[in-house]
Amino acid sequence: MTTSDSRQAPSPVGAAARRMLSAKAEQFTESVIREMTRLAMKHHAVNLSQGFPDFAAPAELKEAARQAIADDFNQYAITWGAKPLRDAVVEKFARTQGVRYDPEREITVCCGSTEAMMAVMLAIINPGDEVVVFEPFYENYGPDAILSGATPKFVKLRTPDWSFDEKELAAAFGPRTKAIILNTPNNPTGKVFTRGELEFIRDLCLRWNAFCITDEIYEHILYDGAQHVSMASLDGMRDHTIVINGMSKTYSVTGWRVGWALAPPEATSAIRKVHDFLTVGAAAPLQQAGATALRLPQSYYDKLAASYAEKRERLLKILEQSGFTVFKPRGAYYIMTDISRFRFPGAGGSAAATNDVAFAKYLIETIGVAVVPGSSFYRNAQDGAQQVRFTFCKKESTLAAAAERLAKLHV
Ligand code: GLN
């Protein structure tokens, strides 16, 4: 090294003049949901936080994946998805929702619906675009908006039935609205949007020429006769809807990371390009197995829903007995609860303010059960400060262990 060498690398620490990290990445934290799973492992808590099943996936599905590897489906599938899976997805959608998509031009298979959502946002958002989001919302939608450069406009779902105010929703739409993100059945509330509600949203999308991006990952997990209606099936909406779904929840394979987006051809071209450069493609043998999964008989879905109905009853009882105020879900596999009856001391030791994060920490470390703090689902932490979310996608022995531990909790 010579003393005359002026080409010194700037120090990342002292580089005040140039921002070394992305301003976008600085605007959000790591996922609290996934952090809760790590804390549950660390403290040996029963994990009712992150929504992943702890029971076996269907045997025929695992066999299909083993067979696909044995048959050497080991190289990249076509970027936008293996043909048998694309065919199976569009066939199933036509069967269940009565809407036909072209497997050659209207579907993109991604690494889970998480990537599908991100690819969709990156494919349609321009600077200045707004996206309407119901709140509480699934955590990912916040960072998705930041990363794609969309401005989120939040519209409240209100307890106890998580209904929305039509005037508030109408006021959130305007000339800058590019899309509304709809998640039905809903995480974290368990709300299943009715046809009437969907029609109201449809009319706003058509009036403002906006997309409806619908996350339908819990479509088969329904209770009390609730029906799942896809926005794509409503008159006038097929070409304004982008349907996101995946194998994770329906087939209990959240770690396989196979999801997809159904969208009209122009949008699909853009989504496919983004997806190609984000990930190239989802795991090829698991896509092959996906084609088997999507052709399972109706009895599979009936059994899945019936089994979750039992688990819902089980956890509702446990939580009520432990002093939580529960909001009974009509779909998906979460229970949002109100924790104000515990009058738990919040940050700074104030007994007046119930604090979801302090309460969740107490539940993990002292009681031995992990949940997700309510604030993870709101833009302003204060709005979720009296709520925590439980999941019941767990086997009976897990729910029994949670019951035993929660019995130690006192109002
Ligand atoms: N959807 C699940 C949840 O809300 C898990 C999401 C994830 O971690 N990718 O808990």
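Using a probe radius of 1.4 angstrom, the carbon and sulfur fraction of the accessible surface of segment 88-181 is 52%. Taking Lys and Arg as +1 and Asp and Glu as -1, the other residues whose beta-carbon sits under 12 Å from that of R238 total -2.
Rounded to a whole number, what % of the accessible area of segment 199-350 do carbon and sulfur atoms account for, probe 1.4 Å? That share works out to 50 percent.
Computed with a 1.4 Å probe over protein heavy atoms only, the accessible surface of segment 296-411 comes to 43 Å² per residue. Based on protein heavy atoms only, segment 133-209 ends up with 39 Å² per residue of surface accessible to a 1.4 Å probe. The charge dipole of the chain, taken about its Cα centre with unit charges on the Cβ of Lys, Arg, Asp and Glu (plus for the first two, minus for the last two), comes to roughly 660 debye.
Each of I69 and K83 was given a label point 7 Å from its Cα along the Cα-to-Cβ line. The distance between the two points is 2.6 nm. Contact order for the chain, expressed relative to its length and based on alpha carbon pairs under 8 Å spaced 6+ residues apart, stands at 23 percent. Average 1/r across all pairs of distinct alpha carbons in the chain, invert it, and you get the Kirkwood radius: 22.5 Å. Projecting label points 7 angstrom from Cα along Cα→Cβ for F277 and A306 puts them 5.0 nm apart. Charged side chains reduced to their Cβ positions (Lys and Arg at +1, Asp and Glu at -1) give segment 248-396 a dipole of some 200 debye around its Cα centre. The orientation-averaged projection of the convex hull spanning the C-alpha atoms of segment 246-385 amounts to 12.3 square nanometres.
Ranking C111, F73, G51 by how far each Cα lies toward the positive end of the dipole of segment 28-132 (charges on Cβ) leaves G51 at the top.
Each Lys and Arg Cβ is given +1 and each Asp and Glu Cβ -1; about its Cα centre, segment 179-300 then shows a dipole of about 280 debye. Go through K249/K303; K249/K311; K42/K62; K92/K178; K83/K249 and tell me which ones have a Cα-Cα distance over 19 Å in this structure. Check vs 19 Å cut-off fails for K42/K62; K92/K178; K83/K249. For segment 246-290, the solvent-accessible area works out to 33 Å² per residue, with a probe of 1.4 Å and every protein chain left in place. Considering helices alone, the calculated mean residue ellipticity of the chain at 222 nm is -11500 deg cm²/dmol, with DSSP H runs of length four and up weighted by -39500 (n - 2.57) and normalised per residue.
Taking square-rooted eigenvalues a ≥ b ≥ c of the alpha carbon gyration tensor, is segment 160-307 rounded, prolate or oblate, where a/c under 1.5 means rounded and, failing that, a/b exceeding b/c means prolate? Oblate, since a/c reaches 1.5 and b/c is not below a/b.
First check a/c for segment 261-301, with a ≥ b ≥ c the square roots of the eigenvalues of its C-alpha gyration tensor; if it is under 1.5, answer rounded, and if not, answer prolate when a/b is larger than b/c or oblate otherwise. Here segment 261-301 falls in the oblate category. Note: relative contact order over segment 230-315, using C-alpha pairs below 8 Å and six or more positions apart, is 21 percent. With both labels modelled 7 Å from their Cα along Cα-to-Cβ, the A270 to H43 distance reads 4.4 nm.
Each part gets one Cα centre, and for segment 43-92 versus segment 111-166 those centres are 26 Å apart.
Sort segment 228-282 into rounded, prolate or oblate with this rule: let a ≥ b ≥ c be the square roots of the eigenvalues of the Cα gyration tensor; rounded if a/c is under 1.5, and if a/c is not under 1.5, prolate when a/b is larger than b/c, oblate otherwise. It is oblate, given that a/c is not under 1.5 and a/b is not larger than b/c.
The values are calculated or read from the model by the stated rules, or taken from the named source; none is laboratory data. Just so we're clear, the structure is a prediction, and the values are computed from it rather than from any experiment. For neighbour counting, all protein chains shown are included, and Cβ atoms are generated from backbone atoms with ideal geometry for every residue, glycine included. When the accessible area is computed, the model is the full protein with side chains, heavy atoms only, and any ligands, DNA or RNA have been set aside. Shrake-Rupley method; radii C 1.70, N 1.55, O 1.52, S 1.80 Å.
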